[in-house]
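Novice: Here it is, the structure in full.
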Amino acid sequence: MTFKTLLTAALAAAILAGGAAPTIAAPRMSAKAAVVSVTASSVDAAGRKVAAWQLAHMDNFDYVPVAAFRKDTEAPRDWIQAAFYIGLYTFADATQDPYLTTAILKHGEAQAWGFDHRPRHADADATGAVWVWAAGRTKDQSKLAPIRARFDAVLADPSTVSLDFAPKPAKGDPYCQARWCWSDAIFMAPPAWVSLAKVTGDRRYLDHADSEFWATTDYLYDKTDHLYFRDSRFITRRSDAGAKIFWGRGNGWAYAGIARILQDLPANHPSRPKYEAIFKQMSAKIVTLQGADGYWPVSLLEPQKTPETSGTGFFVYGLAWGVNHGLLPRAKYGPAIDKGWKALDAAIEPDGRLGWVQRVGVAPDQVGRDDTQLYGVGAFLLSASEVRKLAQGSASKGLTSR
């Protein structure tokens, strides 16, 4: 058994044993004031259980079918693990859990705060948000050296390639992936760039993120339906029923990404009203598409067929974040958050494994109870971090960056 296996097993045991900071029970609230009908302690327990299962399975990914991107799942610096650690550090901060914090810092140390072989790819940028968090958590700016070198190289020679997803070399990624030409990228890259600008005071990172975000949004955001196409290939594509194809998780990535950008965007930034406007537009649309059981469909404009927890996790996170930060009215969005959280909680297996996570893909697809993935857990932990605040009745009255 490796040291990492021993460490994660010990961490999992400590988390489940409740050895971290105690949870806070929700204060008594009137039915009119309540946003969710769950307690903070129950949300914490669910989050710890799911986190513990995942941390205990970071050395063996046999539960991911070989044909379902197991190799990508094993890559410690790629987007799949990055999405998990982003959710984990958010939940660690929300609960003040030292065991979770230790697990994240150990991961960063093992990776020397570095990146994979792709010098300018949003999926490879994603882990940068974890390194920025770690530098702030430990007050150690040296952890930022690799990300600054990486992003500075992009600033020195920014790409102007077309955002059309189709052109592709014989081997390798589409040419446009040197930029943010797919909806997932909105979660992966710009929040890392914006957070780096915040901690370093270097406005260049923010300017680049802002410019590229709006280039992507102008290209992929449907101004009628207020949803994102996954990439240019889907703009004219239609389902068998003739509906536009808006991928559930693809929009979850974008929606959660916008919330994460707003988290660190200066209150007086000239683009802030535009970000808030698009966040509110998406929120108003998303809340109408929730299925009867609380999950969002894998194809947002088509009927709900099965549960799906990764898109649902991101939507619950974004809606709860919006209420907590005063952008969304509690009365309108509270029921959807409450129903969505209960759906996510119902998808947890007795051992803590989160089920019904659509496999790695680019479009709506089938999903089964046994399907699980790190990004689904990351989305779950992000949502838990915000729902627990609602359950505590301590929603912020103003944006945290103000």
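Novice: Please pick out the residue among A343, A336, A292, A331 that is in a loop (DSSP other than H, G, I, E, B), farther than 19 Å from G257 by Cα and among the aliphatic types (A, V, I, L, M).
Specialist: Answer to the check: A292.
Novice: Here are some conditions: (1) more than 30 Å from G47 (Cα to Cα); (2) acidic (D, E); (3) open to solvent by less than 10 Å² (accessible area, probe 1.4 Å). E308 meets all but one. Which one does it not meet?
Specialist: The number of the failed condition is (1).
Novice: Residues in region 348-364: is at least one of a type outside the set (V, I, T), buried (at least 23 other Cβ atoms within 10 Å of the Cβ) and under 17 Å from S385 (Cβ atoms)?
Specialist: Yes, there is a match, as at least one residue in region 348-364 is of a type outside the set (V, I, T), buried (at least 23 other Cβ atoms within 10 Å of the Cβ) and under 17 Å from S385 (Cβ atoms).
Novice: Collect the residues in region 220-239 that are assigned to a helix (DSSP H, G or I) and either touching a Gly at 6+ places or on another chain (Cβ under 9 Å) or more than 19 Å from K285 (Cα to Cα) (or both), keeping them in residue-number order.
Specialist: S232, R233, F234
Novice: I'd like to check something: does region 236-244 contain any residue that is surrounded by 15 or more Cβ atoms within 10 Å (Cβ to Cβ), among the aliphatic types (A, V, I, L, M) and in contact with a Leu (Cβ under 8 Å, 6 or more places away or on another chain)?
Specialist: No, the conditions are met nowhere in region 236-244.
Novice: Out of curiosity, is A197 in a helix (DSSP H, G or I), in contact with a Leu (Cβ under 8 Å, 6 or more places away or on another chain), open to solvent by less than 20 Å² (accessible area, probe 1.4 Å) and small (G, A, S)?
Specialist: Yes; evaluated as a whole, the condition is true for this residue.
Novice: Step by step: first the residues of region 56-74, then only those that are in a loop (DSSP other than H, G, I, E, B) and charged (D, E, K, R), then the one that is surrounded by the fewest Cβ atoms within 10 Å (Cβ to Cβ). Which residue is that?
Specialist: Taking the candidates together, the pick is D62.
Novice: Please determine, by comparing only the residues of region 200-217 that are part of a helix (DSSP H, G or I) and of a type in the set (D, E, K, R), which one is farthest from L262 (Cα to Cα).
Specialist: If we take residues in region 200-217 being part of a helix (DSSP H, G or I) and of a type in the set (D, E, K, R), then R204 is farthest from L262 (Cα to Cα).
Novice: Out of contact with any Lys or Arg (no Cβ under 8 Å at 6 or more places or on another chain) and charged (D, E, K, R), is that true of D116?
Specialist: No; evaluated as a whole, the condition is false for this residue.
Novice: Exactly one of (1) in contact with a helix residue (DSSP H, G or I) (Cβ under 6 Å, 6 or more places away or on another chain); (2) surrounded by fewer than 23 Cβ atoms within 10 Å (Cβ to Cβ) is unmet by A284. Its number?
Specialist: (1)
Novice: Just checking, does region 255-273 include any residue being open to solvent by 50 Å² or more (accessible area, probe 1.4 Å) and under 19 Å from F187 (Cβ atoms)?
Specialist: yes
Novice: Also, I was wondering about something else. Tell me, which residue of region 171-188 that is outside any helix (DSSP H, G or I) and not basic (K, R) is nearest to F314 (Cα to Cα)?
Specialist: D184
Novice: Looking at K143, K171, which one is modelled with pLDDT under 95, more than 23 Å from L382 (Cα to Cα) and of a type in the set (D, E, K, R)?
Specialist: K171
Novice: If you go through region 80-139 one residue at a time, how many are open to solvent by 30 Å² or more (accessible area, probe 1.4 Å) and touching a Leu at 6+ places or on another chain (Cβ under 6 Å)?
Specialist: Qualifying residue count for the region: 2.
The values are calculated or read from the model by the stated rules, or taken from the named source; none is laboratory data. Just so it is clear, the structure is predicted and the values come from calculations on it, not from any experiment. Heads up, the Cβs are rebuilt from the backbone with ideal geometry, glycines too, and the neighbour counts pull from every protein chain shown. Areas reflect the complete protein model, heavy atoms only, side chains present, ligands, DNA and RNA absent. Shrake-Rupley method; radii C 1.70, N 1.55, O 1.52, S 1.80 Å.
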